[in-house]
1. Filtering the stretch 156-169 down to residues that are surrounded by 20 or more Cβ atoms within 10 Å (Cβ to Cβ) and assigned to a helix (DSSP H, G or I), which residue is farthest from ligand 2 (Cβ to nearest atom)?
2. Hey, does the stretch 124-145 have a residue that's surrounded by 19 or more Cβ atoms within 10 Å (Cβ to Cβ), closer than 18 Å to residue 24 by Cβ and touching a strand residue (DSSP E or B) at 6+ places or on another chain (Cβ under 9 Å)?
3. Pick from 143, 134: which is modelled with pLDDT of 95 or more and closer than 24 Å to residue 199 by Cβ?
4. Please find, among 136, 128, the residue that is away from ligand 2 (no atom under 16 Å from the Cβ) and in the same structural domain as residue 176 (by TED's automatic domain parsing).
5. Working carefully through the options 117, 97, 107, find the one that is under 17 Å from the mean Cα position of the chain (by Cα) and either within 14 Å of ligand 1 (Cβ to nearest atom) or surrounded by 14 or more Cβ atoms within 10 Å (Cβ to Cβ) (or both).
6. Looking at the structure I just gave you, is residue 48 surrounded by fewer than 19 Cβ atoms within 10 Å (Cβ to Cβ) and over 23 Å from residue 15 (Cα atoms)?
7. Against the definition (in a loop (DSSP other than H, G, I, E, B), touching a strand residue (DSSP E or B) at 6+ places or on another chain (Cβ under 6 Å) and either in the same structural domain as residue 92 (by TED's automatic domain parsing) or crowded, with 19+ Cβ neighbours inside 10 Å (or both)), how does residue 194 come out, yes or no?
8. Kindly state which helices (runs of 4 or more DSSP H) lie completely within the stretch 33-112 and contain at least 3 residues that are within 16 Å of ligand 2 (Cβ to nearest atom), within 19 Å of residue 153 (Cβ to Cβ) and at pLDDT 90 or above.
Ligand SMILES: Nc1nc2c(ncn2[C@@H]2O[C@H](COP(=O)(O)OP(=O)(O)OP(=O)(O)O)[C@@H](O)[C@H]2O)c(=O)[nH]1
Ligand SMILES: [Mg+2]
């Protein structure tokens with residue numbers, strides 16, 4: 001029986017996936033339970049939600065929340081979250097080391113990385129969170145990775161072109177995840193007919209193209225592994241293709257940058273843009289700055305590509321990349 005989930009429920013689940021503290025998680029779960037249509041088709045889900053709620057409550061009461069999950073609960077930071085996945089030795093940690101200031105261990109033996117670890121990748125004037133993970137194989141999948149994948153804006157599936165097994169090992173990652181409710185796809189979405197089934201947008205990233213036999217293996221990959229993820233071939237050590245990949249990551253996040261200007265000041269603050277999903281409004285920016293600002297918002301003057309300089313707009317104005325706003329409350 002289809003669950004007929006409402007848009008409000010899906011919104012709460014989306015927020016739950018992005019929650020970075022137990023308090024936030026609890027709030028979202030309670031919202032999900034409230035919004036869940038109550039009928040036979042959702043009995044099981046109701047029970048699951050109630051169980052999760054009591055688990056998080058216990059966690060919060062006993063003060064164990066932080067400890068049990070230390071290292072696993074990685075707070076969201078920056079304009080978006082990218083999770084690196086792949087088989088052993090694909091070069092996940094090397095990629096993190098190449099594009100951020102993080103210093104993970106990179107080594108030629110497999111299973112070097114034991115726990116997810118984040119870094120911040122600068123792109124133009126913003127920062128994007130990149131998370132390195134332990135490898136996934138047919139036999140090994142750290143269940144903590146599932147939450148990270150579900151909450152990611154984008155997954156980079158790294159393929160090892162330095163080994164004949166590389167393409168098959170990447171296929172194993174896809175297959176292993178197919179056995180769970182957390183899967184990889186061309187686009188991110190929740191399956192409305194199968195509660196809990198979640199797809200995360202994925203790029204295929206064949207790595208180590210600097211090596212002599214890499215192009216042959218790339219041909220094999222194309223011939224025998226016809227995934228339909230967009231592909232970006234790179235060398236993490238030589239940085240080949242990395243600029244193109246970073247640009248594609250930024251485009252995939254689908255965010256717009258907004259700069260603020262104080263009333264009376266001539267120049268906007270161009271150093272620290274606010275970022276929000278494309279389609280976001282002036283009210284959303286006000287909320288990012290301060291809850292009270294959103295409450296008292298009167299409107300704003302906008303400078304940007306889609307308006308005449310200094311046009312007065314209201315809270316429902318949809319922002320464009322690089323808009324400058326002077327907010328009045
Ligand atoms: N030639 C070449 N070697 C690379 C490249 N990227 C990574 N390597 C090497 O491949 C090996 C594995 O790299 P890691 O970054 O540790 O791989 P990983 O995917 O993090 O491995 P696990 O943590 O075990 O899953 C190391 O010896 C790296 O130096 C590359 O672009 N070119
Ligand atoms: Mg590693």
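1. 167
2. yes
3. Values: 143 fails: modelled with pLDDT of 95 or more.
After applying the criteria, what remains is 134.
4. 128
5. The conditions single out 117.
6. Working: surrounded by fewer than 19 Cβ atoms within 10 Å (Cβ to Cβ): yes; over 23 Å from residue 15 (Cα atoms): no.
No, not satisfied.
7. On the way: in a loop (DSSP other than H, G, I, E, B): yes; touching a strand residue (DSSP E or B) at 6+ places or on another chain (Cβ under 6 Å): no; either in the same structural domain as residue 92 (by TED's automatic domain parsing) or crowded, with 19+ Cβ neighbours inside 10 Å (or both): yes.
The answer is no for residue 194.
8. Working: elements: 43-62, 65-69, 92-99.
The qualifying helices (runs of 4 or more DSSP H) are 92-99.
The values are calculated or read from the model by the stated rules, or taken from the named source; none is laboratory data. Not measured: the values here are computed from a predicted model. Here the Cβ is made from the backbone with ideal geometry for all residues, glycine too, and neighbour counts use every protein chain on show.
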